[in-house]
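See structure below.
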Amino acid sequence: MNELITFISNNLQITYILILATFVGIEVIKSIPAVLHTPLMSGANALSGVVIVGAILVMLHSDPQDYLALGLGFVAVVLGVLNVVGGFAVTDRMLEMFKKKK
Amino acid sequence: MSILLSVIYLIATVTFIVGLKKLGHPDSAKNGNLIAAAGMGLAIFGTIFIHDLQVPTIIYVLIGIAIVLGGIIGWIIAIKVEMTKMPELVSLFNGFGGASAALIGVVEFGNNNIPATDATIVATILSAIVIGAITFSGSLIAWGKLNGTLKSVVKIPQYNIINNLFIIGIVVFSGYVVASGADSSLFLYGLLAAGLVYGILFVLPIGGADMPVVISLLNSLTGIAAAVTGILYDNMVMLVGGILVGSAGIILTVAMCKAMNRTLGSVIFGSFGASAGGEEGVNKTLGTIKKTTSSDTAIMMNYASNVIIVPGYGLAVAQAQHVIHELEELLTAKGVNVKYAIHPVAGRMPGHMNVLLAESNVDYALLAEMDDINPQFNNADVVLVVGANDVVNPAAHNDPSSPIYGMPILDVENAKHIVVNKRSMKAGYAGIENELFYNSKTSMLFGDAKDALTELVGELKNM
């Protein structure tokens with residue numbers, strides 16, 4: 001229990017952000033109509049590709065001689081970009097079809 | 001971290017929130033997606049170029065190659081995929097995100113710059129690895145199940161107990177690694193492997209009908225994995241972006257469960273197929289079915305004033321969404337009032353049917369949601385059910401022993417005539433009989449949805 005309290009007080013800012021962002025996520029999604037759930041899921045999926053920022057940081061910090069770290073970082077960047085580009089592109093394709101017909 | 005990069009991350013974070021918000025309305029959704037994508041691009045390029053590290057050129061080249069490679073593959077998949085394959089695609093992309101998070105964790109655990117004694121950091125890295133691994137293998141299994149590669153529902157005896165013991169074991173072991181400060185790569189790979197195995201065990205026993213819920217849940221987990229990695233780097237855009245996806249994903253998951261009258265617990269631990277299996281053989285009491293022909297249906301529709309079309313996944317499988325639009329236009333031209341009744345879980349994911357119909361240029365205004373259309377079935381002369389089954393099963397209202405009892409359904413039985421197009425009398429996804437088919441107002445139009453509708457359109461054109 002003590003460790004938890006120490007952790008929270010050491011990471012107060014992050015704890016605040018965690019809690020507030022959770023509520024923002026809930027509130028933003030709550031009002032979305034069921035018809036848009038599929039593009040929403042796909043769009044949120046693209047957003048989770050933000051993990052690519054971490055993958056890039058891994059590569060930037062790697063020693064060029066450390067082939068293992070570089071190799072894994074490389075694969076992580078490829079997969080992250082796949083998630084981001086594929087996710088946004090396919091969401092856009094879906095939403096293109098929702099455009100109001102004249 | 002430079003001030004410029006912090007500002008860029010701040011802007012990116014705001015675009016994520018605004019983007020998600022705008023995704024909530026059909027008119028602004030496209031913009032919302034583009035705004036979030038622009039923010040993501042900004043964050044990615046800011047991360048690459050704005051820092052004070054001495055980075056050899058070769059690493060920039062490698063990052064560039066990785067981005068171009070992943071970007072091109074992702075783009076091609078996204079452009080080529082058929083709209084009916086959307087759920088498995090989301091699942092696949094999601095798996096990639098999870099794998100990315102797990103790999104980051106693996107690299108950072110071996111990284112000497114990070115003090116292995118700092119319990120917070122070790123805990124964060126291990127969470128990223130385990131959550132990432134679970135989402136990766138789980139998403140791949142979900143993908144395989146949805147595209148039919150993995151056909152059967154594999155049920156290990158007592159899988160609930162095994163699965164729960166397994167995840168508890170992972171958590172306890174991770175706790176031990178953190179507490180002991182053991183800097184062993186053996187433990188690391190052990191946890192990675194355990195996460196991968198749990199992802200498989202977790203998704204494998206879940207029935208196909210519940211798969212969208214699982215994908216949504218896994219999507220949420222990927223967000224959490226990204227957020228955890230964000231804590232590791234003290235990186236706000238990853239943290240907030242990840243948490244947004246995490247909490248939004250949970251809400252979406254719960255909304256989906258509600259639409260199917262399932263609790264999250266019963267999806268994960270439930271046994272839909274097993275309880276439905278015992279219900280067979282009761283169809284003797286349901287009476288007989290009445291077959292009809294496309295010409296009879298055409299006549300009936302031609303003289304109707306209100307027609308409601310209920311599309312289901314069978315329509316999408318048969319690729320009949322374009323023909324149904326032709327039918328709707330033809331009827332409208334004849335002065336018939338046509339609407340589509342969309343059940344929240346029609347198709348394979350909530351909103352999937354809307355996407356499919358939008359693809360074939362159906363006017364968005366003609367798509368009615370369940371709560372709006374249900375009172376209108378009383379006035380409908382003809383209801384045409386195409387490839388839908390469980391979402392129109394009255395057992396949800398009047399058979400408490402039915403596994404779908406309590407699920408909100410479309411009240412098609414209130415209409416004057418019901419025409420059901422199905423390939424055969426095979427039960428729907430839930431594997432249960434549908435008494436609607438035996439109703440005296442119901443006629444069955446057997447055949448492939450596309451063939452049957454094309455014939456129907458042909459008959460109507462000749463009238």
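The values are calculated or read from the model by the stated rules, or taken from the named source; none is laboratory data. Small disclaimer: the values here were computed from a predicted structure and weren't measured. Neighbour counts are summed over all protein chains in view; Cβ atoms, including those assigned to glycine, are modelled from backbone coordinates with ideal geometry. Ligands, DNA and RNA are stripped out before the accessible areas are found, and what is left, the full protein with its side chains, is counted by its heavy atoms. Shrake-Rupley method; radii C 1.70, N 1.55, O 1.52, S 1.80 Å.
Using the charge dipole of the protein assembly as shown (Lys, Arg: +1 at Cβ; Asp, Glu: -1 at Cβ; taken about the Cα centre), state which of A:84, B:309, B:8 has its Cα farthest towards the positive end.
The one lying farthest along the dipole's positive direction is B:309.
Need one number: the % of Cα-Cα pairs in segment B:363-463 sitting beyond the 16 Å mark.
61 percent
So if I place +1 on the C-beta of Lys and Arg and -1 on the C-beta of Asp and Glu, and nothing else carries charge, what would the dipole magnitude of chain B be about its Cα centre? I want it in debye, nearest 20.
In debye, rounded to 20, chain B gives about 400.
Report, ordered by chain and residue number, the aspartates and glutamates lying within cross-link reach of residue B:461, taken as a straight Cα distance under 19 Å and ignoring same-chain residues fewer than 8 apart.
Partners within reach: B:296, B:326, B:328, B:329, B:451.
About the Cα centre, and with charges only on the beta carbon of Lys, Arg (+1) and Asp, Glu (-1), how big is the dipole of chain A? Nearest 20 debye, please. Present the calculation step by step, with values, prior to reporting the outcome.
Details: 6 positive and 6 negative charges, 173 e Å.
My answer is approximately 840 debye.
For the pair A and B, how large is the buried accessible area, both sides, in square angstrom to the nearest 100, if the probe is 1.4 Å? List each step's numbers first, then the result.
Numbers: alone 8380 and 22500 Å², together 23040 Å².
So the total buried area for this chain pair works out to about 7800 Å².
Could you size up the charge dipole of segment B:88-270 around its Cα centre, putting +1 on the beta carbon of Lys and Arg and -1 on that of Asp and Glu, and report it in debye to the nearest 20?
680 debye
Assuming 0.36 nm per residue, please report the length gained on full extension of the stretch residue B:166 to residue B:266 beyond their Cα-Cα distance.
Details: separation 100, 0.36 × 100 = 36.00 nm, distance 1.87 nm.
Working it through step by step, the gained length comes to 34.1 nm.
Measure off, as a whole percent, the carbon and sulfur share of the 1.4 Å-probe accessible area of segment B:282-461, all protein chains present. All intermediate terms of the calculation are to be shown ahead of the outcome.
Values: 3470 of 7010 Å².
Here carbon and sulfur together make up 50 percent of the probe-accessible area.
Defining a contact as two alpha carbons under 8 Å apart and six or more residues distant in sequence, what relative contact order in percent does segment B:282-461 show?
31 percent
Could you tell me the extents of segment B:1-152's C-alpha atoms along the three principal axes, largest first, rounded to whole Å?
So the three principal-axis extents are 47, 39, 31 Å.
Give me the 1.4 Å probe accessible area per residue for segment B:1-42, excluding ligands and nucleic acids, in Å².
Working: 1950 Å² over 42 residues.
On a per-residue basis, segment B:1-42 sits at 47 Å².
At 24 Å minimum axial length over the Cα atoms and a Kyte-Doolittle cut of 0.5, report the qualifying DSSP H helices in chain B, or say none.
Flagged H segments are B:3-22, B:29-49, B:57-80, B:86-109, B:119-146, B:159-180, B:185-203, B:211-233, B:236-259.
Within a 10 angstrom radius of each residue's Cβ in A:62-73, how many Cβ atoms of other chains show up on average? Whole number is fine.
Working: counts 6, 4, 6, 0, 4, 0, 3, 6, 4, 3, 7, 9.
Counting other chains' Cβ atoms within 10 Å and averaging over A:62-73 gives 4.
For a 29 Å ceiling on Cα separation, which of these pairs sit above it: B:291/B:334; B:334/B:450; A:30/B:422; B:334/B:422; B:85/B:334?
A:30/B:422; B:85/B:334
What value does segment B:282-461 have for Rg/Rh, both radii from Cα atoms and Rh as Kirkwood defines it?
0.93
How high is the relative contact order of chain A? Use alpha-carbon pairs under 8 Å, at least six apart in sequence, and give a whole percent.
Over chain A, the number comes to 30 percent.
Alpha carbons only, please: Rg and Dmax for chain B, in angstrom.
Both quantities, over Cα of chain B: 25.6, 82 Å.
Where does segment B:18-72 land on the Kirkwood hydrodynamic radius, alpha-carbon pairs, in angstrom?
Here the Kirkwood hydrodynamic radius works out to 13.1 Å.
All other residues with a Cβ under 13 Å from the Cβ of residue B:5 taken together, and with Lys, Arg as +1 and Asp, Glu as -1, what is their net charge?
Counting the neighbours of residue B:5, the net charge comes to -2.
With each pseudo-label sitting 7 Å past Cα toward Cβ, what's the residue B:423-residue A:9 distance in nm, one decimal?
Distance between the two pseudo-spin positions: 6.5 nm.
Work out the charge dipole of chain B with +1 on the Cβ of Lys and Arg and -1 on the Cβ of Asp and Glu about the Cα centre, then indicate which of B:392, B:65, B:454 is farthest towards its positive end.
In chain B, that residue is B:454.
In Å², what does the accessible area per residue of chain A work out to with a 1.4 Å probe? All intermediate terms of the calculation are to be shown ahead of the outcome.
Values: 4360 Å² over 102 residues.
Spelled out: the 1.4 Å probe surface of chain A, per residue, equals 43 Å².
I'd like the carbon and sulfur percentage of the solvent accessible area for segment B:88-270, probe radius 1.4 Å, heavy atoms only, ligands and nucleic acids excluded.
Heavy-atom surface of segment B:88-270 belonging to carbon and sulfur, 1.4 Å probe: 71 percent.
What are the semi-axes of the equivalent ellipsoid for segment A:33-102, taken as the square roots of 5 times the Cα gyration tensor eigenvalues, largest first, in whole Å? Intermediate values should be presented prior to the final figure.
Values: eigenvalues 244, 19, 10 Å².
Equivalent ellipsoid of segment A:33-102: 35, 10, 7 Å, largest first.
Share of segment A:42-102's accessible area from carbon and sulfur, percent, 1.4 Å?
64 percent
Please tell me the relative contact order of chain B in percent, rounded to the nearest whole number, where contacts are Cα pairs under 8 Å and at least six residues apart.
13 percent
Does segment B:334-398 classify as rounded, prolate or oblate by the C-alpha gyration tensor (a ≥ b ≥ c root eigenvalues; a/c under 1.5 gives rounded; else a/b over b/c gives prolate, otherwise oblate)?
Note, shape of segment B:334-398 comes out oblate.
Excluding residue B:407 itself, calculate the net charge of residues whose Cβ lies under 12 Å from the Cβ of residue B:407, where each Lys or Arg counts +1 and each Asp or Glu counts -1. If you can, show how the numbers build up before the last one.
Details: positive: B:258, B:262; negative: B:390, B:399.
Local net charge: 0.
So what is the accessible area of segment B:282-461 per residue, in Å², with the probe set to 1.4 Å?
On a per-residue basis, segment B:282-461 sits at 39 Å².
Take the Cα radius of gyration of segment B:312-363 and divide it by 2.2 N^0.38 Å, with N its residue count; two decimals is plenty.
Cα Rg divided by the expected 2.2 N^0.38 Å: 1.12.
How large is the convex hull of the C-alpha atoms of the protein assembly as shown per residue, in Å³? It would help to have the intermediate numbers written out before the result.
Values: hull volume 81.9 nm³, N = 565.
Per residue, the Cα convex hull of the protein assembly as shown comes to 145 Å³.
Which of the listed residues, A:37, A:73, A:54, is farthest toward the dipole's positive end in segment A:33-102, when Lys, Arg count +1 and Asp, Glu count -1 at the beta-carbon?
Going by the charge dipole, the pick is A:37.
Within 13 Å, Cβ to Cβ, of residue B:107, how many net charges do the neighbouring residues add up to if Lys/Arg are +1 and Asp/Glu are -1?
-3
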